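Nothing in this text is a laboratory measurement; each read-out follows from the coordinates by a stated rule. Computed from a predicted model, the values in this text were never measured in an experiment. Please note: Cβ atoms are built from the backbone with ideal geometry, for glycine as well, and neighbour counts cover all protein chains shown.
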């Protein structure tokens with residue numbers, strides 16, 4: 001499905017939400033994303049699993065962080 005896909009570079013600042021629960025690898029997500037963001041990449045951690053980040057209780061925590069990012 002994504003064979004041969006070449007992602008483009010985002011020309012701007014971005015925020016990366018990193019789940020901390022159930023993380024089984026030692027990959028540095030911010031480092032992995034840096035080649036795809038031309039501006040400042042701000043990483044913030046979320047105490048949840050990747051799959052539960054969009055649940056209501058997590059969004060109540062994530063929303064204010066994103067709002068602060070977009071206001072800055």
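Mind checking the full-extension length gain between residue 57 and residue 10? Use 0.36 nm per residue of separation minus the Cα-Cα distance, one decimal, nm.
Details: separation 47, 0.36 × 47 = 16.92 nm, distance 2.92 nm.
Gain on extension, residue 57 to residue 10, equals 14.0 nm.
Would you mind calculating the relative contact order of region 4-72 from Cα pairs under 8 angstrom and at least 6 residues apart, reporting the percent as a whole number?
It rounds to 37 percent for region 4-72.
Dividing the alpha-carbon Rg of the chain by 2.2 N^0.38 Å yields what?
1.23
Test of understanding: in a Gaussian network model of the chain with alpha carbons linked when under 10 Å, which of 44, 56, 20 would top the mean-square fluctuation ranking?
56
For the residue pair residue 29 and residue 71, what label-to-label distance in nm results when each label sits 7 Å from Cα along the Cα-to-beta-carbon direction?
2.3
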